[in-house]
1. Taking R0 as 41 Å, what FRET efficiency do you get between R95 and R159 from their Cβ-Cβ distance, rounded to the nearest 0.05?
2. Would region 32-123 count as rounded, prolate or oblate if I go by the C-alpha gyration tensor, calling it rounded below 1.5 in a/c and otherwise prolate when a/b exceeds b/c, oblate otherwise?
3. Return the distance in nm (one decimal) between the two label points of a simple spin-label model at E149 and Q221, each offset 7 Å from Cα along Cα→Cβ.
4. Calculate, for N138 and D338, the FRET efficiency according to 1/(1 + (r/R0)^6) with r their C-beta to C-beta distance and R0 41 Å; round to the nearest 0.05.
5. Based on the Cβ-Cβ distance from E232 to R302, what FRET efficiency comes out when R0 is 22 Å, to the nearest 0.05?
6. Kindly rank 253-260, 62-69, 153-160, 184-191 from highest to lowest mean number of other beta carbons found within 10 Å of each residue.
7. Ordered by packing density, taken as the mean number of other Cβ atoms within 10 Å over each peptide's residues, highest first, how do 221-232, 322-333 rank?
Amino acid sequence: MVHPITCCIYLFILVSISSSLEIQPCAVATWNFGKIAVQKCAEVLIQSGGSSIDAVERGIREVELDTRDQYYVGVGGLPNSDGVMELDAAMMDHRLRYGAVLALQGILTPISVARTVMEKCVHNVLVGEGALKWAISNGFKQDSGVLTESSKKEWLQWRASNIETSVDILHPNGHDTVGVICLDCHGNLCVGTSTSGWKFKHPGRIGDAPLIGSGLYCHGQYGAAVATGDGEEIMRTCLCSVVVELMRQGFSPGEACRLGIQRMFELPQINGDGNGDGEGGGIEYTKMHPKLTVGVIAMDPRGRVGAASTLDESNPHRGKPSFPVACWRCTSDTASFDEQFQFVDASIDGIEF
Ligand code: SD4
């Protein structure tokens, strides 16, 4: 005769196992380079049974360290107007822990520093010299290689041509963020971001990417969101906070992203061209806006994913009328990465997958 308490324990173990079996680990990431990130996330989540935190960190590091293309992320990103690399990164997990480093100099993998801030620091956000000090005291090495020769060359050319970034508010190709959301087999979400930000930005400029609620947000019960694009506008909307709040209200990830993007179009007009004199420009952020570039991805704890962007035929970005999202979902133990991977294109109408 089995003791009732033993019975309960067996039942509990059975229920835990079967509920964790139902969860299909999943990873999504922004833009075409997101594939590199997602591939690493898949490896971490499946082969080494890592957590969503491990997966987000390792996935983003792949893009930070990759110099094959001119991503505006980590090594090979582009510096500020003084020619100095100032990198932003952040992480937030299902327990609503958050860590960010802003304008970090001389560190190849800012996302790993952001993780240490999230996990070990009494503060949530460290900036500039203080962030570097924290990184070094946590074992990170300073490395001048964060500014590559080709990035330096591009900056020198830009400086020689005397372009004023401050008025170049709608730069179509001047920034990128790698944003990654992962769900692990325990149903835990984590989100992270990393970017060198607006190319040739004013020294000390911080984008939305490392700012909680703007470039990223995560709530273990309702979902996570990550944004990319025109950071000045994303932070005016607190876009990722809006998207997760919409999921809390019961909207699906796709609907939440679509409504979040609609909110972007409701931003009121900015007077001036951004050069500080309060004159000129006059930019109307309505659906008619010709160039607003924003993309957002969301995932809920069931692994449903949605995405939307401001892009369409009338407002393409790098020649495409939609925002590419790299997505991997573990649908079977035997399928290869490529069989489980897809690029999804998200436009104004939003998409769910
Ligand atoms: C920023 N939002 O620094 C970032 C850049 C980006 O696609 O995501 N660009 O404003």
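1. Once the sixth-power term is evaluated, E becomes 0.40.
2. Since a/c reaches 1.5 but b/c is at least a/b, the shape of region 32-123 is classed as oblate.
3. 5.5 nm
4. Plugging the Cβ-Cβ distance into 1/(1 + (r/R0)^6) gives 0.65.
5. Result of the calculation: an efficiency of 0.10.
6. 253-260, 184-191, 62-69, 153-160
7. 221-232, 322-333
All of the numbers you see were taken from the coordinates with simple rules; none came from a lab. The shown structure was predicted, so the numbers you read here are calculated from the model rather than taken from an experiment. Note that we place each Cβ from the backbone using ideal geometry, even for glycine, and neighbour counts take in every protein chain shown.
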